[in-house]
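For reference, the structure is listed below as C-alpha coordinates.
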Amino acid sequence: MDIVIRSAEPGEYETLGEITGQAYLRDGLLTFGEDDTYLAVLKDVAGRAAAAEVLVAADDDRVLGGVTFVPSPGPMADIAGPGEAEIRMLAVGHDARGRGIGEALVRACVERARATDGCTRVVLSSLGIMHAAHRIYERLGFVRTPERDWQPLPDLEDLVLITYELTL
(Lines give C-alpha, C1' and ligand atoms only; values in the text may rest on other atoms or scores of the structure.)
Protein backbone atom coordinates (compact mmCIF):
# COMPACT_ATOMS: atom_id res chain seq x y z
CA MET A 1 0.00 0.00 0.00
CA ASP A 2 1.21 3.48 -0.84
CA ILE A 3 1.35 6.27 1.70
CA VAL A 4 -0.01 9.58 0.45
CA ILE A 5 0.71 12.97 2.02
CA ARG A 6 -2.17 15.40 1.51
CA SER A 7 -4.21 18.11 3.19
CA ALA A 8 -6.36 16.84 6.03
CA GLU A 9 -10.08 16.69 5.39
CA PRO A 10 -12.53 17.94 8.05
CA GLY A 11 -13.84 14.40 8.58
CA GLU A 12 -10.29 13.35 9.60
CA TYR A 13 -9.68 16.06 12.18
CA GLU A 14 -10.89 14.03 15.15
CA THR A 15 -8.84 10.99 14.14
CA LEU A 16 -5.70 13.05 13.63
CA GLY A 17 -6.28 14.81 16.95
CA GLU A 18 -6.44 11.45 18.72
CA ILE A 19 -3.32 10.17 16.94
CA THR A 20 -1.41 13.33 17.85
CA GLY A 21 -2.57 13.38 21.46
CA GLN A 22 -1.85 9.70 21.97
CA ALA A 23 1.59 9.96 20.36
CA TYR A 24 2.57 12.78 22.73
CA LEU A 25 1.09 10.97 25.75
CA ARG A 26 2.60 7.55 25.00
CA ASP A 27 6.00 9.07 24.29
CA GLY A 28 5.94 10.94 27.62
CA LEU A 29 6.12 14.35 25.94
CA LEU A 30 3.46 16.12 28.00
CA THR A 31 4.79 17.41 31.32
CA PHE A 32 1.44 16.97 33.09
CA GLY A 33 0.26 13.85 31.22
CA GLU A 34 -3.47 13.73 30.54
CA ASP A 35 -3.94 16.89 32.63
CA ASP A 36 -1.58 18.90 30.41
CA THR A 37 -3.40 21.83 28.81
CA TYR A 38 -1.33 21.33 25.64
CA LEU A 39 -3.18 18.04 25.03
CA ALA A 40 -6.31 19.98 24.07
CA VAL A 41 -4.25 22.10 21.67
CA LEU A 42 -2.80 18.97 20.06
CA LYS A 43 -6.27 17.49 19.60
CA ASP A 44 -7.77 20.71 18.16
CA VAL A 45 -7.03 19.97 14.52
CA ALA A 46 -9.92 22.14 13.32
CA GLY A 47 -8.39 25.11 15.13
CA ARG A 48 -5.02 24.46 13.54
CA ALA A 49 -6.56 24.03 10.10
CA ALA A 50 -8.26 27.41 10.41
CA ALA A 51 -4.88 29.15 10.77
CA ALA A 52 -2.40 26.87 8.95
CA GLU A 53 -2.23 23.84 6.67
CA VAL A 54 -2.67 20.47 8.33
CA LEU A 55 -1.24 17.55 6.39
CA VAL A 56 -1.94 13.87 6.90
CA ALA A 57 -0.15 10.73 5.90
CA ALA A 58 -2.76 8.26 4.71
CA ASP A 59 -2.67 4.65 3.60
CA ASP A 60 -5.82 4.19 1.54
CA ASP A 61 -8.41 5.94 3.74
CA ARG A 62 -6.57 5.36 7.05
CA VAL A 63 -4.84 8.35 8.67
CA LEU A 64 -1.44 7.31 10.01
CA GLY A 65 -0.03 10.64 11.18
CA GLY A 66 0.08 14.33 10.50
CA VAL A 67 1.83 17.66 10.81
CA THR A 68 0.95 21.34 10.80
CA PHE A 69 2.66 23.52 8.20
CA VAL A 70 2.67 27.21 9.08
CA PRO A 71 3.68 29.12 5.92
CA SER A 72 4.50 32.42 7.65
CA PRO A 73 4.37 34.16 11.02
CA GLY A 74 0.87 34.23 12.44
CA PRO A 75 -1.35 32.72 15.13
CA MET A 76 0.02 29.18 14.72
CA ALA A 77 3.69 30.18 14.61
CA ASP A 78 5.75 29.79 17.76
CA ILE A 79 9.09 31.04 16.46
CA ALA A 80 8.76 31.82 12.74
CA GLY A 81 9.74 35.32 11.73
CA PRO A 82 9.56 37.11 8.38
CA GLY A 83 10.60 34.83 5.51
CA GLU A 84 10.23 31.70 7.63
CA ALA A 85 7.78 28.81 7.58
CA GLU A 86 7.31 26.62 10.64
CA ILE A 87 6.65 22.93 11.21
CA ARG A 88 4.54 22.03 14.24
CA MET A 89 2.95 19.03 15.93
CA LEU A 90 4.52 16.24 13.88
CA ALA A 91 3.03 12.93 15.03
CA VAL A 92 2.80 9.39 13.71
CA GLY A 93 0.61 6.72 15.29
CA HIS A 94 2.56 4.09 17.19
CA ASP A 95 1.32 1.26 14.96
CA ALA A 96 2.52 3.11 11.83
CA ARG A 97 6.05 4.01 12.93
CA GLY A 98 9.16 2.76 11.18
CA ARG A 99 7.72 3.24 7.68
CA GLY A 100 9.23 6.66 6.88
CA ILE A 101 6.00 8.53 7.54
CA GLY A 102 7.51 11.19 9.78
CA GLU A 103 10.20 11.95 7.22
CA ALA A 104 7.64 12.07 4.40
CA LEU A 105 5.56 14.60 6.36
CA VAL A 106 8.60 16.80 7.03
CA ARG A 107 9.63 16.59 3.36
CA ALA A 108 6.13 17.69 2.33
CA CYS A 109 6.44 20.74 4.60
CA VAL A 110 9.84 21.61 3.10
CA GLU A 111 8.37 21.33 -0.41
CA ARG A 112 5.53 23.65 0.57
CA ALA A 113 7.99 26.13 2.07
CA ARG A 114 10.04 26.14 -1.15
CA ALA A 115 6.84 26.93 -3.06
CA THR A 116 5.95 29.81 -0.71
CA ASP A 117 6.94 33.22 -2.09
CA GLY A 118 9.55 34.93 0.06
CA CYS A 119 10.21 31.91 2.26
CA THR A 120 13.94 31.41 2.88
CA ARG A 121 13.90 29.10 5.94
CA VAL A 122 11.91 26.43 7.70
CA VAL A 123 12.05 26.45 11.50
CA LEU A 124 10.74 24.18 14.23
CA SER A 125 10.82 23.54 17.96
CA SER A 126 11.28 20.17 19.62
CA LEU A 127 11.74 18.65 23.04
CA GLY A 128 15.27 17.46 23.70
CA ILE A 129 14.06 13.87 24.18
CA MET A 130 12.52 13.61 20.67
CA HIS A 131 15.61 11.82 19.33
CA ALA A 132 13.88 10.02 16.42
CA ALA A 133 12.51 13.35 15.16
CA HIS A 134 15.93 14.97 15.52
CA ARG A 135 17.45 12.25 13.33
CA ILE A 136 14.87 13.02 10.64
CA TYR A 137 15.53 16.77 10.80
CA GLU A 138 19.30 16.37 10.66
CA ARG A 139 19.09 13.83 7.82
CA LEU A 140 17.10 16.41 5.82
CA GLY A 141 19.66 19.16 6.45
CA PHE A 142 18.15 20.99 9.42
CA VAL A 143 20.70 22.42 11.86
CA ARG A 144 20.35 23.24 15.53
CA THR A 145 19.82 26.90 16.43
CA PRO A 146 20.44 27.01 20.18
CA GLU A 147 20.19 30.81 20.21
CA ARG A 148 16.46 30.39 19.46
CA ASP A 149 15.73 27.76 22.13
CA TRP A 150 12.84 28.85 24.33
CA GLN A 151 10.60 28.00 27.26
CA PRO A 152 6.88 27.65 26.53
CA LEU A 153 6.13 27.81 30.26
CA PRO A 154 8.59 30.27 31.84
CA ASP A 155 7.76 28.99 35.35
CA LEU A 156 9.11 25.55 34.40
CA GLU A 157 12.81 26.16 33.90
CA ASP A 158 13.49 22.53 32.94
CA LEU A 159 10.99 22.64 30.05
CA VAL A 160 13.04 23.99 27.16
CA LEU A 161 12.20 23.58 23.50
CA ILE A 162 15.22 23.24 21.27
CA THR A 163 15.08 24.66 17.77
CA TYR A 164 16.18 23.73 14.27
CA GLU A 165 16.21 25.54 10.94
CA LEU A 166 16.68 24.61 7.32
CA THR A 167 17.86 27.30 4.93
CA LEU A 168 16.15 26.86 1.57
Does the range 76-124 classify as rounded, prolate or oblate by the C-alpha gyration tensor (a ≥ b ≥ c root eigenvalues; a/c under 1.5 gives rounded; else a/b over b/c gives prolate, otherwise oblate)? oblate
Rounded if a/c is under 1.5, else prolate if a/b is larger than b/c, else oblate: which is the range 1-60, with a ≥ b ≥ c the root eigenvalues of its Cα gyration tensor? oblate
Most to least accessible of TYR13, TYR137, TYR38 (protein chains only, probe 1.4 Å): TYR38, TYR13, TYR137
Counting heavy atoms of the protein chains only and a 1.4 Å probe, report the per residue accessible area for the chain as a whole number of Å². 51 Å²
Evaluate the relative contact order of the range 31-168 (contact order divided by residue number), counting alpha-carbon pairs under 8 angstrom at least 6 apart; express in whole percent. 18 percent
Roughly how large, in nm² to one decimal, is the mean projection of the convex hull of the alpha-carbon atoms in the chain? 9.3 nm²
How far apart, in nanometres, would the label points at ARG107 and THR167 be if each is projected 7 angstrom from Cα along the Cα-to-Cβ direction? 2.4 nm
Below 8 Å between Cα atoms, with a sequence gap of 6+, how large is the relative contact order for the range 60-105 in percent? 40 percent
Looking at the P(r) of the range 95-146, how many percent of alpha-carbon pairs lie beyond 12 Å? 68 percent
Please work out whether the range 31-96 counts as rounded, prolate or oblate from its C-alpha gyration tensor, where a ≥ b ≥ c are the square roots of the eigenvalues and a/c under 1.5 means rounded, while otherwise a/b larger than b/c means prolate and anything else oblate? oblate
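The values are calculated or read from the model by the stated rules, or taken from the named source; none is laboratory data. Owing to the predicted nature of the structure, the values given are computational and were not obtained by experimental measurement. Don't worry about glycine lacking a Cβ; one is built from the backbone with ideal geometry, like all the others, and counts go over all protein chains shown. Surface areas here come from the heavy atoms of the whole protein model, side chains and all, with no ligands, DNA or RNA. Shrake-Rupley method; radii C 1.70, N 1.55, O 1.52, S 1.80 Å.
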